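S.K.: Here's a structure for you.
The values are calculated or read from the model by the stated rules, or taken from the named source; none is laboratory data. All values reported here derive from a predicted model rather than from experimental measurement. Here Cβ is always computed from backbone atoms with ideal geometry, including for glycine, and neighbour counts include all displayed protein chains. Ligands, DNA and RNA are excluded from the accessible area calculation, which covers all protein heavy atoms including side chains. Shrake-Rupley method; radii C 1.70, N 1.55, O 1.52, S 1.80 Å.
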Amino acid sequence: MNTIGPTIRRLREEKDWTQDQLAAHCHLIGWDVSRSTIAKIESQVRRITDGEIKLIAKALEVDIQLLFNT
């Protein structure tokens, strides 16, 4: 289980992005991730690697530390 999934969901929703839109932003920075994988990360079903955390912060356009501030 990951602990930052709900924070990722909150940050995504604050931008009024769908999971598809977040996946598209991830694709733009070179991370080929699906909407269903985003859903699994947000719902804490799938683990997220350190490298993926860095990529999702970049896609969300936030400082990586913000992902750990619940």
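S.K.: Carbon and sulfur together cover what percent of the accessible area of segment 4-70 at a 1.4 Å probe radius?
M.R.: Solvent-exposed carbon and sulfur of segment 4-70 make up 48 percent of the total.
S.K.: Oh, and also: What net charge is computed for the residues neighbouring Lys40, neighbours being all others with C-beta under 13 Å from the C-beta of Lys40, Lys and Arg scored +1, Asp and Glu -1?
M.R.: Surrounding charge for Lys40 is +2.
S.K.: How much accessible area per residue does the chain have, counting only protein heavy atoms and a probe of 1.4 Å, in square angstrom?
M.R.: With the other protein chains kept in place, the chain gives 60 Å² per residue.
S.K.: Something else now. With charges only on Cβ, +1 for K and R and -1 for D and E, what is the dipole size of the chain about its Cα centre, in debye, rounded to 20?
M.R.: 200
S.K.: Roughly what would the spin-label model give for Ser36 and Arg10, points 7 Å off Cα along C-beta, in nm?
M.R.: For Ser36 paired with Arg10, the spin-label model returns 2.9 nm.
S.K.: Leaving ligands, DNA and RNA out of it, work out the accessible area of Glu13 with a 1.4 Å probe and give it in Å² to the nearest 10.
M.R.: For Glu13, solvent-accessible area is about 100 Å².
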